[in-house]
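In what follows, a structure is listed as structure tokens, so that the remarks can point back to it.
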Amino acid sequence: MFEFLEDFGLKEYFLTHKIVLASYILFGSFILKLLIGRVEKFKRNDRNILITYVIFLMLFAGTRAKNIGVDTGNYYLYFFIPATRAGNIFDVFTILNTDFLFELIISLTAWTNNYNIVLLTIAIVLNVLLYKFVREFTDYGNRGSSLLLFLTIASGFSFINLEINIMRNALAIGFIFLSINYAIKENYYKCALLLITALLFHRTSIILAVIIFAIVFAKKVPLKYYYAFYLLAILLSAVGFGFHSISFLAELGNEDLSNLSYEGETNYRIGFRLDFVMFNTFFLILFAKFTNLNSYRESFLIKYFILSSVVFFFNFYIPFSDRFGLFSWLIIPLLLFDIVNKKFPKKKIFINTLVLISFYILNNIILFPTKF
């Protein structure tokens with residue numbers, strides 16, 4: 001299988017995604033605007049245009065070259081090459097030392113001796129999960145546009161990292177998304193099964209599982225205590241406290257948790273990140289002003305955003321803390337979507353389009369422009 005845009009560098013690759021995403025935003029929102037009032041046709045086109053974008057993402061991420069994404073090359077060396085030396089697919093489980101379900105994907109694909117088959121499989125699984133979540137979260141278009149919500153998620157500056165870099169974590173996040181949806185619906189059996197699946201893809205999912213169950217079991221705790229905890233976390237992080245300060249976490253024998261005691265040299269910026277704190281706090285203030293606390297769904301999401309932000313702040317002193325930032329950033333589009341739907345029910349498509357365009361400009365042009 002060919003490698004997509006194999007002569008492109010990382011900047012060109014990112015620019016391609018930005019151009020395609022912007023095209024879908026403009027084209028998709030224009031089509032949906034024309035169909036407002038024609039409910040069934042609106043929902044059908046909303047779904048179909050979304051499917052074409054999801055297929056693009058599958059091919060875009062699944063056929064990329066090995067130089068696109070740091071973990072793309074790392075996984076090739078750490079997992080794919082060793083797996084191709086296995087005598088049979090079952091030997092993969094003894095050769096690799098990683099999460100079980102990721103080992104399963106490798107065992108089912110590495111025998112082809114084609115790394116792009118592995119990448120394509122991962123891209124298909126991830127984007128099917130995201131598609132399923134968005135469709136369920138919008139009640140299959142009855143609550144609002146699935147397309148606009150998905151494009152808002154894709155407009156986040158961290159989204160492309162899911163597609164081309166943190167593969168195990170990305171697959172876990174796909175199941176975490178679905179589990180959140182079932183937690184909101186109070187279907188805790190399905191929520192628990194999805195969380196277990198996420199754990200089998202990436203062990204750090206235990207952090208999100210704890211957050212979700214903490215919200216569920218303490219659902220009567222007023223939101224003001226979450227705000228207080230959020231402010232306390234900022235202060236503690238500012239004076240140097242974090243998960244790296246809790247020594248026993250790094251001694252649990254978990255490869256991922258062992259990074260909490262990392263003391264080597266790194267080019268990654270380590271220390272209190274005022275920029276990230278301001279970014280999350282800006283949206284928290286926005287959510288605090290407009291969230292309907294009588295809605296369990298919105299209350300659950302804002303509590304999840306607060307607790308996942310706290311986890312992020314407590315990871316500022318280890319490399320790649322932005323990977324924990326993903327846990328909170330991916331919730332922002334969901335809260336924006338619900339706020340618009342509640343506050344502007346008759347103009348939700350128009351307002352959601354404006355929010356989408358603004359979110360795209362903020363993340364892809366103002367904060368992270370592609371420079372040559």
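So the values come out like this:
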quantity	calculated
Mean Cβ count within 10 Å, highest first, over the residues of peptides 211-224, 291-304	291-304, 211-224
Helix-derived mean residue ellipticity, 222 nm - over the chain, DSSP H n ≥ 4, -39500 (n - 2.57), to 500	-20500 deg cm²/dmol
Part-to-part distance (alpha-carbon centres) for the range 133-155 and the range 324-372, which is given in Å	12 Å
Length released on extending from Asn292 to Asn67, taking residue separation times 0.36 nm less the Cα-Cα span	76.5 nm
Potential lengthening between Lys132 and Leu354 on full extension [0.36 nm per residue; Cα-Cα distance subtracted]	77.5 nm
Distant-in-sequence amide H partners of Arg64 (H built 1.01 Å from N, under 5 Å)	Phe4
The range 297-350: relative contact order in percent, alpha carbon pairs under 8 Å with at least 6 residues between	37 percent
Subset of Lys11/Lys303; Lys132/Lys346; Lys66/Lys185; Lys41/Lys66; Lys303/Lys347; Lys66/Lys190 violating a 30 Å alpha-carbon distance limit	Lys11/Lys303; Lys66/Lys185; Lys41/Lys66; Lys66/Lys190
Residues of the range 143-171 with amide N under 20 Å of a point placed 7 Å along Cα→Cβ from Leu193	171
Met278 versus Tyr225: modelled label distance in nm, points set 7 Å from Cα along the beta carbon direction	3.3 nm
Hypothetical label at Arg143: residues of the range 155-179 whose amide nitrogen lies under 18 Å (7 Å Cα-Cβ projection)	174-179
Length-normalised contact order of the chain in % [C-alpha pairs under 8 Å, at least 6 apart]	18 percent
Contact order normalised by residue count of the range 94-216, Cα under 8 Å, 6+ apart, percent	26 percent
Residues Trp111 and Phe344, FRET efficiency given R0 of 56 Å [Cβ-Cβ distance, rounded to 0.05]	0.60
Simple label model, 7 Å out from Cα along Cβ direction - Val20 to Leu362, nm	2.5 nm
Distance (nanometres) between label positions extended 7 Å along Cα→Cβ at Phe93 and Leu236	3.9 nm
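Every number in this text was worked out from the coordinates using simple rules, so none of it is lab data. Bear in mind that the values here come from a model prediction, so they are computed numbers and not experimental data. Positions of Cβ are backbone-derived with ideal geometry, glycine not excepted, and every protein chain shown enters the neighbour counts.
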